[in-house]
1. Return the only residue of Ala236, Ala273, Ala259 being without any contact (Cβ under 8 Å) to a residue 24 or more places away in the chain and touching a helix residue (DSSP H, G or I) at 6+ places or on another chain (Cβ under 9 Å).
2. Which residue out of Ala122, Ala104 is buried (at least 24 other Cβ atoms within 10 Å of the Cβ) and touching a residue at least 24 places away in the same chain (Cβ under 8 Å)?
3. Scanning for something out of contact with any Cys (no Cβ under 8 Å at 6 or more places or on another chain), at pLDDT 95 or above, surrounded by 15 or more Cβ atoms within 10 Å (Cβ to Cβ) and farther than 23 Å from Ala225 by Cα, does the stretch 253-262 turn up at least one residue?
4. Quick one: is Arg159 of a type in the set (Lys, Arg), modelled with pLDDT of 95 or more and open to solvent by 50 Å² or more (accessible area, probe 1.4 Å)?
5. Please report, ordered by residue number, the helices (runs of 4 or more DSSP H) entirely within the stretch 172-285 with at least 2 residues that are of a type outside the set (Lys, Arg), more than 30 Å from Leu58 (Cβ to Cβ) and more than 18 Å from the chain's Cα centre (by Cα).
6. Answer yes or no as to whether Ala45 is hydrophobic (A, V, I, L, M, F, W, C), more than 23 Å from Cys276 (Cα to Cα), in contact (Cβ under 8 Å) with a residue 12 or more places away in the chain and surrounded by fewer than 18 Cβ atoms within 10 Å (Cβ to Cβ).
7. Let me spell it out: the conditions are (1) surrounded by fewer than 24 Cβ atoms within 10 Å (Cβ to Cβ); (2) in contact with a Lys or Arg (Cβ under 9 Å, 6 or more places away or on another chain); (3) modelled with pLDDT of 95 or more, and Val112 meets all of them except one. Which number is the exception?
8. Mind listing whichever residues of the stretch 58-70 are over 17 Å from Glu25 (Cβ atoms) and either of a type in the set (Asp, Glu) or open to solvent by 10 Å² or more (accessible area, probe 1.4 Å) (or both)?
Amino acid sequence: MAYEERVCPLQCQGQQLMGILTLPETALSQATVRRPGILMLVGGAQYRAGSHRQFTLLARHFAAAGFTVLRMDFRGMGDSQGEAAGFEGVAADIDCALDGLLQAQPGLDGVVLWGLCDGASAALLHASADARVRAMVLVNPWARTEAGQAQAYLKHYYRARLTSPDLWNKILRGQFNAVAALRSLLGQWRRAASPPAATPELLPIRLQQAYERFRGPVLLILSGADLTAREFADLATPGSRWEALLLASRTTRIDLPEANHTFSTRLWREQLAQACLRWLTRLER
């Protein structure tokens, strides 16, 4: 075994949070290079293990490669106390987790926030206000708006469905409900054609401003078979501020064309892990 795991209880505004610290076998104080730690932020209604234990397995993979990793349950999730606040209400949880990680391993060279889905969005919203954050790994970030979701459906889902043998087999067998499909298509079309005004309150605008305030390196990983990732990628229209951010030298973008939202096969999870490790080793000093 090339890692060690310990329970790491965290205190956040009078509530106890459950954290799991995954450590490399070699004590950090004996290491010859200075490495950042990794704080993993789960997305959606998940706890620290994640879908199909992906966070557990990734944390062990990173620790076996020499990186200290903390993953935790946000308040109200898993084994943590308190009420769930959603990804826009977890700044205090992240702050306490950073405290806990750096107290447990004071020799770390800063921390990388690693987030999936709205965990990535929470990382973006937090990072620029916290000097302990050296870098971010954003995996399939959540930037949902009703119009953005509808545009992603029209551009990516329906286009793929038209070339799907399964669809045409259903049509030939008379098992295709054309009326329901047409009604759904028109509904998506109406939502896509009515985007909200670009106000400062809109989530993609707030994420863009947070990205601009954070000056550190960012690894962006996007799955090809994921409408959440496609919606985020579609923000980078030609000439937009999002396009400038994603083309900036401090941004590294990696697309995994076959992977789904949670990297649910061993192959996709290993592709994700290897992409992260190649980038993380560049942060060593």
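1. On the way: Ala273 fails: without any contact (Cβ under 8 Å) to a residue 24 or more places away in the chain; Ala259 fails: without any contact (Cβ under 8 Å) to a residue 24 or more places away in the chain.
Criteria check complete, one pass: Ala236.
2. Numbers: Ala104 fails: buried (at least 24 other Cβ atoms within 10 Å of the Cβ).
On inspection, the qualifying residue turns out to be Ala122.
3. no
4. no
5. Once the helices (runs of 4 or more DSSP H) in the stretch 172-285 are filtered for at least 2 residues that are of a type outside the set (Lys, Arg), more than 30 Å from Leu58 (Cβ to Cβ) and more than 18 Å from the chain's Cα centre (by Cα), what remains is 178-192.
6. It is true that Ala45 is hydrophobic (A, V, I, L, M, F, W, C), more than 23 Å from Cys276 (Cα to Cα), in contact (Cβ under 8 Å) with a residue 12 or more places away in the chain and surrounded by fewer than 18 Cβ atoms within 10 Å (Cβ to Cβ).
7. All conditions are met except number (1).
8. Within the stretch 58-70, none qualify.
The values are calculated or read from the model by the stated rules, or taken from the named source; none is laboratory data. Quick caveat: nothing in here was measured; it's all calculated off a predicted structure. So basically every Cβ, Gly included, is an ideal-geometry build from the backbone, and we count neighbours across all protein chains shown. Accessible surface is based on the protein model in full, side chains and every heavy atom, while ligands, DNA and RNA are left aside. Shrake-Rupley method; radii C 1.70, N 1.55, O 1.52, S 1.80 Å.
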